[in-house]
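A short write-up of the structure that comes next.
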Amino acid sequence: MKVEARKTAKYLRDKQGVPEKAKEELKEYNRIKKAITGALKDEELTIAQLSEKLQMPKPEVTYYLLSLVKYGIVAIGEIDDMDEYYSYKLVK
Amino acid sequence: MKEPKIIEYDALVIGAGIAGGETALNLANTGYKVLLVEKDHSLGGKMILLSKVFPTLDCAACITTPKVSEIARHKNITVFTESEVTNISKESANNFVAQITKKPRYVHVDDCTACQLCEQACPVSVQDEYQYGLIGRKAAYIPFSIANPKAAVIDIENCTLCGACERVCPTQCIDFTMETEYYELHTKTVVLATGFTLFDPIEIPRYGYGRYKNVITSMQMEREIAPTRPYNTILRPGDGKVPDRIAYVLCAGSRDNTVGNPNCSQICCMYSIKQAQLLMGALPMADITIYYINIRSFGKGFEEFYQQAKSMGVEFVKGKIGEITEKDNGDLILRYEDINEGVVKEAEHDMAVLSVGVRSNPTIGKIFNNGALKFDPLNFVAQEDLMGSPSKTSIKGVFVAGTATGPMDIPDSILSAGSAASEAISYLTQHQEV
């Protein structure tokens with residue numbers, strides 16, 4: 001069967017559907033992304049400050065925040081006076 | 001299942017890590033047609049993901065990338081990535097029949113320019129296995145920046161099939177209609193270069209791996225110090241702190257009967273010393289402590305490398321770690337037996353790196369009919385004539401290269417690959433059809 005280019009995802013979606021796990025994970029990622037970017041809207045924050053503000057465990061904040069750095073959504077700010085913790089800011 | 005396509009090559013090499021790649025190159029340079037089968041998305045195995053190599057501290061990527069490039073471009077080598085050999089039967093002395101399954105990448109590699117526009121458009125984020133879970137990656141992604149082939153791949157298990165990737169692809173190389181392909185290969189010889197697996201320290205709960213995020217494996221640290229690292233600098237995954245006191249726990253999963261591996265993994269002492277030296281360069285103010293049972297610096301230049309680490313200020317403590325616990329601030333308490341003094345002590349560190357050992361790769365075990373391929377007690381491929389012809393296996397015409405036979409470092413893997421290629425060439429010559 002010939003499928004039009006750029007429309008092949010629809011072909012597979014119609015054929016086998018989208019895995020529930022993938023949908024759930026996307027929902028979870030979007031929720032956390034929204035929370036982190038929302039928290040960084042007005043100020044630069046460290047991971048500890050973000051964790052407190054979002055009531056989210058630090059390891060989880062670290063993982064998602066640094067993923068957002070990789071994706072170019074968040075940028076790395078200054079390091080504190082003790083050279084221990086960086087702050088993070090939104091890419092404008 | 002579709003009818004398999006019938007293909008024919010002089011030699012089949014399974015595994016495209018450094019040993020498999022070297023074997024394929026040696027065979028191909030002698031004029032033999034080689035099919036190189038790799039289950040992953042890139043050539044280069046584990047070595048291509050390393051930062052530097054010991055004891056020379058040469059850049060691992062600088063050694064690996066020209067080699068994988070040569071393999072990929074060689075006219076006598078055909079590479080199958082995303083592929084697995086599911087069965088091999090020996091029909092006669094120079095006729096092995098192998099069944100190969102090639103999974104779809106959903107990207108036409110030859111058309112992909114690695115522009116990463118698909119990656120930017122993809123809304124999904126999942127753990128990046130090439131960064132050992134330290135960071136996320138998209139479902140449409142380039143495996144890593146020096147991957148070969150350097151082309152996108154679609155992680156179909158995590159893809160929501162939204163189509164954003166194919167809409168932005170300038171070359172229309174993304175194709176979700178791709179399907180699994182099946183091949184029946186007829187070949188005259190087989191070389192196994194299936195490598196090793198790393199010990200999963202979750203099997204030793206007292207080290208806290210998985211529970212305490214600042215306890216990481218040596219491969220995770222390897223990624224943190226590599227040029228293609230996940231973070232901007234060395235950070236602990238628990239809270240993003242730049243660590244100041246880093247501990248190495250040697251023999252994590254090696255020389256330990258309780259986890260079924262009494263053997264020394266041969267590489268852990270030296271890669272830990274290498275990482276310690278690199279960390280001292282990246283974090284000049286940090287204290288690095290290596291807890292060891294014995295330092296086995298047996299290879300060429302190894303002892304000098306060890307002494308160099310000592311002189312740089314790396315602290316070596318002859319001690320066996322009993323337990324790691326975590327404080328509220330994420331710092332770690334390492335409880336250990338000081339072997340020299342015969343007393344139990346505790347030390348506080350920001351981060352602990354478990355120098356995980358080498359285990360056999362179980363995937364090769366079931367592909368030969370009738371269990372004809374023999375294994376040693378630790379499930380590495382048995383060498384029929386260890387002293388005389390270490391590449392020979394229990395099946396005539398099937399050879400083994402690299403760490404599929406047991407733990408070894410990179411130079412030894414390359415030597416072993418040379419030996420396997422020589423044996424395979426000799427076999428091909430002896431069994432030439434007249």
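Figures for the structure shown
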item: Test: residue in the stretch B:367-384 that is closer than 30 Å to B:Y207 by Cβ, among the small types (G, A, S) and in a helix (DSSP H, G or I); result: no
item: Residues that are more than 7 Å from chain B (Cβ to nearest Cβ), assigned to a helix (DSSP H, G or I) and of a type in the set (D, E, K, R), drawn from the stretch A:1-55; result: A:D14, A:K15, A:E20, A:K21, A:E24, A:K27, A:E28, A:R31, A:K33, A:K34, A:E52, A:K53
item: Only one of B:L134, B:L198, B:L161, B:L185 that is of a type in the set (A, V, I, L, M), more than 13 Å from chain A (Cβ to nearest Cβ) and buried (at least 21 other Cβ atoms within 10 Å of the Cβ); result: B:L185
item: Residues of the stretch B:393-434 satisfying the condition of being out of contact with any Asp or Glu (no Cβ under 7 Å at 6 or more places or on another chain), within 27 Å of B:S92 (Cβ to Cβ) and assigned to a loop (DSSP other than H, G, I, E, B); result: B:I395, B:K396, B:G397, B:A401, B:T405, B:H431, B:Q432, B:E433, B:V434
item: Search result, residues across the stretch B:90-99 that are surrounded by fewer than 22 Cβ atoms within 10 Å (Cβ to Cβ) and modelled with pLDDT of 95 or more; result: B:V97, B:Q99
item: Hey, B:L283 in contact (Cβ under 8 Å) with a residue 40 or more places away in the chain, surrounded by 14 or more Cβ atoms within 10 Å (Cβ to Cβ) and within 16 Å of B:V249 (Cα to Cα) or not; result: no
item: Those residues of the stretch A:52-78 which are within 19 Å of B:I135 (Cβ to Cβ) and free of Cβ contacts under 8 Å to residues at least 12 places away in the same chain, in sequence order; result: A:P57, A:K58, A:P59, A:Y63, A:L66, A:S67, A:K70, A:Y71
item: Test: residue in the stretch A:60-72 that is more than 8 Å from chain B (Cβ to nearest Cβ), surrounded by 12 or more Cβ atoms within 10 Å (Cβ to Cβ) and in a loop (DSSP other than H, G, I, E, B); result: no
item: Residues of the stretch B:301-321 satisfying the condition of being free of Cβ contacts under 8 Å to residues at least 24 places away in the same chain and within 27 Å of the chain's Cα centre (by Cα); result: B:E303
item: Single residue of B:K90, B:K52, B:K46 found to be over 29 Å from B:L279 (Cβ atoms) and in the same structural domain as B:L373 (by TED's automatic domain parsing); result: B:K90
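The values are calculated or read from the model by the stated rules, or taken from the named source; none is laboratory data. Model, not experiment: these values are computed from the prediction. Cβ atoms come from the backbone with ideal geometry, glycine included; neighbour counts cover every protein chain shown.
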